[in-house]
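Accompanying notes for the structure given below.
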Ligand code: OOG
Ligand code: MG
């Protein structure tokens, strides 16, 4: 731990101690490359401690998310084995700082996917699609950050739940409707096109960015395409429910 960049030590301590921390780049002076270097350092440290990378995620791929979070470009993060919660298991809030839950479309890759690919090529590399819920938990105070902060903080990734997988649907996912519920109340509706115009384009974006950053997508990996809508704050006793046309539905509950 002590040989890590001090900014990453701060973030890792915030995460393990469930204590929010100040932004590491409040004046937005850090380059994007430097921010990813910090993210990768934290991921590599976790892997050295016994955790595993099970996939990659995109974030801030929808206008709804970009506007709410004040960051207007997509970002890439890692999905860790320690963050995977099986369907049906409540997500424990006591291990988190100020969790928020958002609906996601998940993919599992049938093969490696690297470099510049089209939406059709991205789709062809996918083995199955799944409804998913991502629980994000920025380590930054009041869930407020800039572009470099959130990249270094592994895109606020904390927990994620995947629902039942199904083969890639023939349907046009741009037109797939989504309804999102929190505590029995409908809180958002969207369509797949909210995600960079097409969820397959989000996967293509990720394939390219991950390759550029030297961590290309691999067969078997899981992917989250990014939330088409705003996340909701969650507390013990809450549940969220998402229904997607052609992708399926998933309920996740929260415990203390
Ligand atoms: C950053 C992570 C964004 C998504 O799906 O857009 C993200 C955040 O909102 O804290 O995962
Ligand atoms: Mg997300």
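The values are calculated or read from the model by the stated rules, or taken from the named source; none is laboratory data. For clarity, every value in this text was computed on a predicted model and none was experimentally measured. Note that we place each Cβ from the backbone using ideal geometry, even for glycine, and neighbour counts take in every protein chain shown.
As for segment 158-166, it holds no residue that is farther than 30 Å from residue 22 by Cα, touching a helix residue (DSSP H, G or I) at 6+ places or on another chain (Cβ under 8 Å), away from ligand 1 (no atom under 15 Å from the Cβ) and modelled with pLDDT of 95 or more. When segment 108-122 is filtered for residues that are in contact with a helix residue (DSSP H, G or I) (Cβ under 6 Å, 6 or more places away or on another chain) and either surrounded by 24 or more Cβ atoms within 10 Å (Cβ to Cβ) or closer than 26 Å to residue 177 by Cα (or both), the ones remaining, listed by number, are 113, 117, 119, 122.
Conditions (1) surrounded by 24 or more Cβ atoms within 10 Å (Cβ to Cβ); (2) away from ligand 2 (no atom under 16 Å from the Cβ); (3) farther than 20 Å from residue 66 by Cβ, marked per residue:
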| position | (1), (2), (3) |
| --- | --- |
| 124 | no, yes, yes |
| 131 | yes, no, yes |
| 147 | no, no, no |
| 169 | no, yes, yes |
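The strands (runs of 3 or more DSSP E) found entirely in segment 164-256 include none that carry 2 or more residues being out of contact with any strand residue (DSSP E or B) (no Cβ under 9 Å at 6 or more places or on another chain).
For segment 5-61, which residues satisfy the criterion of being touching a helix residue (DSSP H, G or I) at 6+ places or on another chain (Cβ under 9 Å) and within 16 Å of ligand 2 (Cβ to nearest atom)? Those that are touching a helix residue (DSSP H, G or I) at 6+ places or on another chain (Cβ under 9 Å) and within 16 Å of ligand 2 (Cβ to nearest atom): 39, 54, 56, 57, 58, 59, 60, 61. Among the residues of segment 1-39, just one is over 12 Å from residue 153 (Cα atoms) and buried (at least 18 other Cβ atoms within 10 Å of the Cβ), namely 30. For residue 240, the conditions (1) under 24 Å from residue 21 (Cβ atoms); (2) away from ligand 1 (no atom under 13 Å from the Cβ) all hold with the exception of (1).
Among the residues making up segment 202-229, those that are under 22 Å from residue 163 (Cα atoms), buried (at least 18 other Cβ atoms within 10 Å of the Cβ) and either more than 14 Å from the chain's Cα centre (by Cα) or within 12 Å of ligand 1 (Cβ to nearest atom) (or both) are 202, 206, 217, 223, 224, 225, 226, 227, 228, 229. For beta carbons closer than 9 Å, sequence separation of 6+ or different chains, a first residue in segment 100-124 that is on the phi > 0 side of the Ramachandran plot and a second that is away from ligand 1 (no atom under 16 Å from the Cβ) and assigned to a helix (DSSP H, G or I), the qualifying pairs are 115/207; 115/208; 115/211; 115/212. Selection over segment 122-155 of residues that are over 17 Å from residue 222 (Cα atoms) and outside any loop (DSSP other than H, G, I, E, B) gives a count of 10.
Of all residues in segment 88-97, none are surrounded by fewer than 24 Cβ atoms within 10 Å (Cβ to Cβ), part of a loop (DSSP other than H, G, I, E, B) and near ligand 1 (Cβ under 10 Å from one of its atoms).
Considering only residues in segment 54-72 that are more than 11 Å from ligand 1 (Cβ to nearest atom) and in contact (Cβ under 8 Å) with a residue 40 or more places away in the chain, the one that is farthest from residue 178 (Cα to Cα) turns out to be 54. When segment 73-87 is filtered for residues that are within 15 Å of residue 158 (Cβ to Cβ) and either away from ligand 1 (no atom under 11 Å from the Cβ) or out of contact with any strand residue (DSSP E or B) (no Cβ under 8 Å at 6 or more places or on another chain) (or both), the ones remaining, listed by number, are 78, 80, 81, 82, 83, 84, 85.
Can you find even one residue in segment 171-179 that is closer than 30 Å to residue 42 by Cα and under 19 Å from the mean Cα position of the chain (by Cα)? No, segment 171-179 contains no residue that is closer than 30 Å to residue 42 by Cα and under 19 Å from the mean Cα position of the chain (by Cα).
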